[in-house]
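Novice: The following block contains the structure, expressed as structure tokens.
Rule-based calculations on the coordinates, nothing more; no lab input. Please read all numbers here as calculations on a predicted model, not as lab measurements. When we count neighbours, we look across all protein chains shown, and the Cβ atoms used for this are built from the backbone with ideal geometry, even at glycine.
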Protein chains: 2
Amino acid sequence: MLSQTAEYALRAVLYLAQEATERPVRVEEMARALRLPRNYLSKTLHLLSRAGVLVSARGKGGGFQLAVPPERLPLLRVVSLFDRFDDRRRCLLGRPQCSDRTACAAHTRWKEVAETVTAFFRQTSVADLLKGATLPV
Amino acid sequence: MLSQTAEYALRAVLYLAQEATERPVRVEEMARALRLPRNYLSKTLHLLSRAGVLVSARGKGGGFQLAVPPERLPLLRVVSLFDRFDDRRRCLLGRPQCSDRTACAAHTRWKEVAETVTAFFRQTSVADLLKGATLPV
DNA sequence: GTAATTTATCATATTATCATGACAAAGGCA
DNA sequence: TGCCTTTGTCATGATAATATGATAAATTAC
């Protein structure tokens, strides 16, 4: 459903929201805890930082932290950095343009489903997910 | 949302349902009409045939036809040949197993959304899509 | 200012997906 | 039979996604 990279990003953000209230967390620690490839995760976290989702600090005591309180961080803000959620994705038959006016055969029926998916990412916050978490992320 | 290949397959099946009531359709014709790569489409159609969605015939007058009336052909039967719709896909955080018992942090909320998506593919038939089609597929 | 620590970046490797081209196999028809 | 048509299959190539390893740049601590 999500690309591998978006999934990594989401898991990392959840980890930060859960583990790191104040202290910054090193890539090393996160990669180990989540079993993700270290340098690949590093790049992903860097992108999240540039997008203002995380803040990073180098040197001793450095690492990554959320830049935003989890309550005000919709999942869409995380995953949309890596996966597209535009019209092109939302057309089931892959048309470059597919709207109410230029509808493909699947448009009317698929639109609702696609909108449900997007709404989930837009309306669900990182904090929402942690509420439901019974196990560590 | 769907892989390129699953999307090609779906478009091809829709084309057959719309254009070919009796006569078989050649790959050449379909590739041209749908602007898909010819030999790649050929392989995709072959898989659909082996799965019993299409029937193929070689030689003059040959080509592909639906093996099943469009009313009794759920989209899932087409796309699940190319994309996975199992638990793994349905876990937002990519866990190998994620069920009500072994729930990830996103499970409860995501389950509904994922089920909406799967239900769409399971309950919508090829014929359903053609009903809504105002333009040629 | 030097060393240690940690992120940032670059170059490259690996893998999966998508695509092309050539030819083999099978069916229809004179 | 021999020829044409069309699917079936194989070998290969192109591209994007994922991953690794090496090194640069920044920060902290002494």
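Novice: Out of the residues in the stretch A:84-94 meeting the condition of being closer than 17 Å to B:Leu36 by Cβ and crowded, with 19+ Cβ neighbours inside 10 Å, tell me which one is farthest from the chain's Cα centre (by Cα).
Specialist: Selected residue: A:Leu93.
Novice: Among the numbered criteria (1) away from chain B (no Cβ under 11 Å); (2) out of contact with any helix residue (DSSP H, G or I) (no Cβ under 6 Å at 6 or more places or on another chain), which one does A:Glu71 miss?
Specialist: The number of the failed condition is (2).
Novice: Out of B:Gly94, B:Gly59, I need the residue that is of a type in the set (Gly, Ala, Ser) and more than 14 Å from chain A (Cβ to nearest Cβ). Which one? Spell out how you get there, then give the answer.
Specialist: Details: B:Gly94 fails: more than 14 Å from chain A (Cβ to nearest Cβ).
It is B:Gly59.
Novice: Which condition from (1) near DNA strand D (Cβ under 10 Å from one of its atoms); (2) within 30 Å of B:Thr116 (Cα to Cα); (3) among the β-branched types (Val, Ile, Thr) is the one that B:Val13 breaks?
Specialist: (1)
Novice: Turning to a different aspect of this structure: Can you find even one residue in the stretch B:15-25 that is in a loop (DSSP other than H, G, I, E, B) and either touching a helix residue (DSSP H, G or I) at 6+ places or on another chain (Cβ under 6 Å) or within 23 Å of A:Trp110 (Cβ to Cβ) (or both)?
Specialist: no
Novice: Sticking with this one: Only helices (runs of 4 or more DSSP H) wholly contained in the stretch A:38-137 count here; list those with 2 or more residues that are of a type in the set (A, V, I, L, M, F, W, C).
Specialist: Working: elements: A:38-50, A:75-79, A:87-90, A:107-123, A:126-131.
Helices (runs of 4 or more DSSP H) meeting the threshold: A:38-50, A:75-79, A:107-123, A:126-131.
Novice: Closer than 17 Å to B:Thr118 by Cβ, without any contact (Cβ under 8 Å) to a residue 60 or more places away in the chain and of a type in the set (A, V, I, L, M, F, W, C): does that describe B:Phe64? I'd like the intermediate steps shown before the answer.
Specialist: Numbers: closer than 17 Å to B:Thr118 by Cβ: no; without any contact (Cβ under 8 Å) to a residue 60 or more places away in the chain: yes; of a type in the set (A, V, I, L, M, F, W, C): yes.
Here the answer is no, as B:Phe64 does not meet what is asked.
Novice: Follow-up question, since we're still on this one. Checking B:Met1 against (1) within 11 Å of chain A (Cβ to nearest Cβ); (2) within 30 Å of A:Ser125 (Cα to Cα); (3) within 16 Å of DNA strand C (Cβ to nearest atom); (4) surrounded by fewer than 17 Cβ atoms within 10 Å (Cβ to Cβ), which single condition isn't satisfied?
Specialist: With respect to (1) within 11 Å of chain A (Cβ to nearest Cβ); (2) within 30 Å of A:Ser125 (Cα to Cα); (3) within 16 Å of DNA strand C (Cβ to nearest atom); (4) surrounded by fewer than 17 Cβ atoms within 10 Å (Cβ to Cβ), B:Met1 is out only on (4).
Novice: Which pairs have Cβ atoms under 9 Å, sit 6 or more apart or on different chains, and link a residue in the stretch B:100-121 that is free of Cβ contacts under 8 Å to residues at least 12 places away in the same chain and surrounded by fewer than 17 Cβ atoms within 10 Å (Cβ to Cβ) to one that is among the acidic types (Asp, Glu) and outside any helix (DSSP H, G or I)?
Specialist: Taking only residues 6 or more apart or on different chains, the pairs are B:Thr108/B:Asp100.
Novice: Please go through the stretch B:19-68 and give me each residue that is away from DNA strand C (no atom under 14 Å from the Cβ) and crowded, with 16+ Cβ neighbours inside 10 Å, ordered by number. Spell out the reasoning first.
Specialist: Initial filter on the stretch B:19-68 (away from DNA strand C (no atom under 14 Å from the Cβ)): B:19-22, B:25, B:29, B:33, B:48, B:50-54, B:66-68.
Matches in the stretch B:19-68: B:Ala20, B:Val25, B:Leu48, B:Val53, B:Leu54, B:Leu66, B:Val68.
Novice: Scan the stretch B:69-101 for residues that are within 16 Å of DNA strand C (Cβ to nearest atom) and either more than 12 Å from B:Val126 (Cβ to Cβ) or touching a Pro at 6+ places or on another chain (Cβ under 6 Å) (or both) and report the count.
Specialist: Kept after step one, since they are within 16 Å of DNA strand C (Cβ to nearest atom), are these residues of the stretch B:69-101: B:78-86, B:88-89, B:94, B:96.
Checking which are either more than 12 Å from B:Val126 (Cβ to Cβ) or touching a Pro at 6+ places or on another chain (Cβ under 6 Å) (or both) leaves us with B:80-86, B:88-89, B:94, B:96.
Of the residues in that region, 11 qualify.
Novice: Hey, A:Arg38 hits all of (1) within 11 Å of DNA strand D (Cβ to nearest atom); (2) within 30 Å of B:Gly132 (Cα to Cα) but one; which does it fall short on?
Specialist: If we test A:Arg38 against (1) within 11 Å of DNA strand D (Cβ to nearest atom); (2) within 30 Å of B:Gly132 (Cα to Cα), just (2) comes out false.
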